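Input: a single structure, listed below in C-alpha cells.
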Amino acid sequence: CHFSAIHDVVFPQKSSEIFVTASEHDIRVWSVSKKREMLRINVPNTTCYAVDVTPTGENIVSAWSDGKIRSFFPESGKLQFMIPDAHSDSVRSLAICNSEGDDSSRWHLVSGGEDGTVRLWQINEKHQTMVHSMKEHRGAINSIVCNGDGSQAASASSDGSCIIWDLKSGTRVTAMYD
C-alpha cells in the first residue's frame, strides 16, 4: 500500500475491476479481483491530490502539488501530456466532464487550485487550452464534480462554500455558504 495518506480514489466509469489511488509521490492502479497493485506511476518530490479516469479509459488524469496537471497512459504509466502552471500553487482537485459529441479525443476537464480558482480546460490530442478561469472561493478547492451532460460543475472549498458553475459561460449559477 501507500506509505502515507491517500488523497483520492476513483473507479473508471466502465469497470469495477480496477481502481486508482492518489498519494505522496505516486499514483497506483489496483486490481480488485487479484487484490494487488498493477501499476505504479512515480512523480518524485510531489503530492498527488486528485485523480480521474476518462470515460474511454485512455487517460489517468491527476492533480499535483507542483501546480501541474498530468495525464498518463493507463497501460504503461508513461506521461501522455502535462499542463504546466495549471494553477499558481497546487492543483487540489479535478473532474473530467464530457467529450464533445462522439469524438473521444476532445473532452473537458475542470480543476481547482489551492488559491480558490476553478478552471475549465479543453483537452485535445495535442493541445490543452484553458477555456475559463473562475474565482469566487476564498480557500482551496477540495472537491469538484460535473453533472451528467458536462454543462455544470459543483466546487466545494475549505472556506465552507459550494458553487455551481455554468461551464459554457464560465459564470456562477448559484452559491451556498456555511
Sulfur and carbon atoms: percent of accessible area, the chain [1.4 Å]: 48
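Where in segment 109-178 are there GluC sites (Glu not before Pro) that are in a DSSP coil and have at most 11 other Cβ atoms within 10 angstrom of their Cβ?
Details: sites: 114, 125, 136; in loops: 114, 125, 136.
Loop-located and lightly packed - 125.
Quote the Stokes-Einstein diffusion coefficient, in whole µm² s⁻¹, for the chain, based on the Kirkwood radius over alpha carbon pairs, a temperature of 4 °C and a viscosity of 1.567 mPa s.
Working: Rh = 16.2 Å.
Value of D from the Cα-based Kirkwood radius: 80 µm²/s.
At 1.4 Å probe radius, can you tell me the per residue accessible area of the chain in Å²? Please list the in-between numbers first.
Values: 8980 Å² over 178 residues.
With the other protein chains kept in place, the chain gives 50 Å² per residue.
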Karplus-derived HN-Hα couplings along segment 107-118 (A = 6.51, B = -1.76, C = 1.60, θ = phi - 60°), whole Hz, x at Gly and Pro: 8, 10, 9, 10, 10, x, x, 4, 7, x, 8, 10
Accessible surface of residue 159 - all protein chains present, 1.4 Å probe, nearest 10 Å²: 60
Under DSSP loop assignment and at most 12 Cβ neighbours within 10 Å, longest chymotrypsin sites (Phe, Trp or Tyr not before Pro)-free interval of the chain: 4-176
For segment 1-49, average projected area of the Cα convex hull in nm²: 3.3
Over 23 Å (Cα to Cα) - which of 14/135; 78/126; 68/126; 14/35 fall in this group: 14/135
Integer Hz, Karplus 6.51/-1.76/1.60 couplings in order for segment 87-93, x for Gly and Pro: 9, 5, 10, 10, 8, 9, 7
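The values are calculated or read from the model by the stated rules, or taken from the named source; none is laboratory data. Since the model is a prediction, treat every value here as computed from it, not as a measurement. When we count neighbours, we look across all protein chains shown, and the Cβ atoms used for this are built from the backbone with ideal geometry, even at glycine. The protein model used for the area step is the full one, side chains on, heavy atoms only, and it has no ligands, DNA or RNA in it. Shrake-Rupley method; radii C 1.70, N 1.55, O 1.52, S 1.80 Å.
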